[in-house]
Amino acid sequence: MRKNYLYFHDKFRTGEEHVHPVEKILLEQRTHYQFIQLVESPVFEKMLIIDGDVQSTLRDEYIYHEALVHPAMLLSSNPEIVVILGGGEGATLREVLKHKSLVKALMIDIDKDATDIAKEYLNEWHKGSFDDKRSVLISADARVFIEREVSNDSIDTVISDLTEPFEGGPSYKLFTKEFYEVLYNKLKDDGVLALQSSLLRVTDYRMHSTIRHTLQKVFPIVRSYLTYIPSFDTTWSFIIASKKGDPLSLTKEKIDELIANKITGEVKFYDGTTHISMFSIPKDIRSLLSLETDIITDESPVCILRKENL
């Protein structure tokens, strides 16, 4: 007998919607900063939806979080001090904690209500990472905290797991040239920044391209990479910005060696073969990324409208 489902419409743009069946609504809560929904899906199991965007799901969140964390962490050689921007579910923190060299991970998320929800409802994501003795959870504006409380040349790796720069949202000033200059100064001489940088495909590339070109004004090495996320139903992009190390210089064999020697616990998605694949950007996308774009600045931030305004 066919079930009667509710349906969540993930709106990408006018005329494009990805429809997800929903068996049960587990939680709906509007915090000061965002609207959080937690639902049960027959396809992806538990799904976290923020401001109308599928944020992550139980079935495939490991793809996103391993792709975001491990290329940068391995490029950082022996990272001891890592800063996570955002990352409310705790899964980015979970992946960072797998690195043997880690001494301290500072996770800075402005929305304490969101992290409290994650602690209670998303154990499958964080797996107790918030309670690890190396974890320091800070509820604050990430830019203000880093500018005032973090010393220059003190961070090995920054992992930016922020929501996209929605108009009026909490993240848009964390994508500007001025903030990237702050991060550059806080990183050590061989420091690395990794960030999620929106969907990347022939119909949607401008947000990624703008972030990329902004980073290129600050960092000498900037590399885009991407992978397909099933619950997003699209390729999703990331960027590594580095002072010295180049992820393109790492071979399949070297990545597999680094994983074996430097990471504890299971890595289900990322290995040497995956690394080469993610950084092999298709020709048509490379052509689009070569086009000139605006630069994101404090005075001229590039923001996207919230889903309800589309």
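Values as computed for the structure displayed
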item: Unique match (being surrounded by fewer than 19 Cβ atoms within 10 Å (Cβ to Cβ) and either touching a residue at least 60 places away in the same chain (Cβ under 8 Å) or in contact with a Pro (Cβ under 9 Å, 6 or more places away or on another chain) (or both)) among ASP51, ASP111, ASP116; result: ASP51
item: Matching residues, the stretch 232-267, being in contact with a Leu (Cβ under 8 Å, 6 or more places away or on another chain), among the hydroxyl-bearing types (Ser, Thr, Tyr) and over 23 Å from LEU97 (Cα atoms); result: THR234, THR235
item: Selection status of THR115, part of a loop (DSSP other than H, G, I, E, B) and not charged (D, E, K, R); result: no
item: Residue ID - farthest from HIS18 (Cα to Cα), chosen from residues in the stretch 196-217 that are in contact with an Asp or Glu (Cβ under 8 Å, 6 or more places away or on another chain) and not small (Gly, Ala, Ser); result: HIS213
item: Yes/no for ILE25 being in a strand (DSSP E or B) and surrounded by fewer than 16 Cβ atoms within 10 Å (Cβ to Cβ); result: yes
item: Boolean, LYS244 is more than 20 Å from the chain's Cα centre (by Cα), among the charged types (D, E, K, R) and assigned by TED's automatic domain parsing to the domain that holds HIS208; result: yes
item: Selection from the stretch 32-46 of residues that are closer than 14 Å to PRO21 by Cβ, touching a Phe, Trp or Tyr at 6+ places or on another chain (Cβ under 8 Å) and hydrophobic (A, V, I, L, M, F, W, C); result: VAL39
item: One residue from VAL158, VAL202, VAL136 being closer than 30 Å to PRO282 by Cβ, in contact with a Leu (Cβ under 6 Å, 6 or more places away or on another chain) and either among the hydrophobic types (A, V, I, L, M, F, W, C) or surrounded by fewer than 18 Cβ atoms within 10 Å (Cβ to Cβ) (or both); result: VAL158
item: GLU178, sole failed condition from (1) assigned to a strand (DSSP E or B); (2) more than 23 Å from LEU75 (Cα to Cα); (3) of a type in the set (Asp, Glu); result: (1)
item: Check on ALA105, among the aliphatic types (A, V, I, L, M), over 26 Å from ASP60 (Cβ atoms) and either part of a strand (DSSP E or B) or out of contact with any Lys or Arg (no Cβ under 8 Å at 6 or more places or on another chain) (or both); result: no
item: Some residue of the stretch 217-226 being out of contact with any Pro (no Cβ under 6 Å at 6 or more places or on another chain), loosely packed, with under 14 Cβ neighbours inside 10 Å and part of a loop (DSSP other than H, G, I, E, B); result: yes
item: Condition met for VAL39 (assigned to a loop (DSSP other than H, G, I, E, B) and not assigned by TED's automatic domain parsing to the domain that holds TYR121); result: no
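For (1) within 13 Å of PHE219 (Cα to Cα); (2) of a type in the set (Asp, Glu), each residue gets a yes or a no:
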{"residue": "ASP131", "(1), (2)": "no, yes"}
{"residue": "ILE138", "(1), (2)": "no, no"}
{"residue": "ARG143", "(1), (2)": "no, no"}
{"residue": "GLU147", "(1), (2)": "no, yes"}
{"residue": "ASN152", "(1), (2)": "no, no"}
{"residue": "TYR184", "(1), (2)": "yes, no"}
{"residue": "ASP190", "(1), (2)": "yes, yes"}
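The values are calculated or read from the model by the stated rules, or taken from the named source; none is laboratory data. Nothing here was measured: the structure is a model prediction, and the numbers come from that model. Cβ: placed from backbone, ideal geometry, glycine included. Neighbour counts: every protein chain shown.
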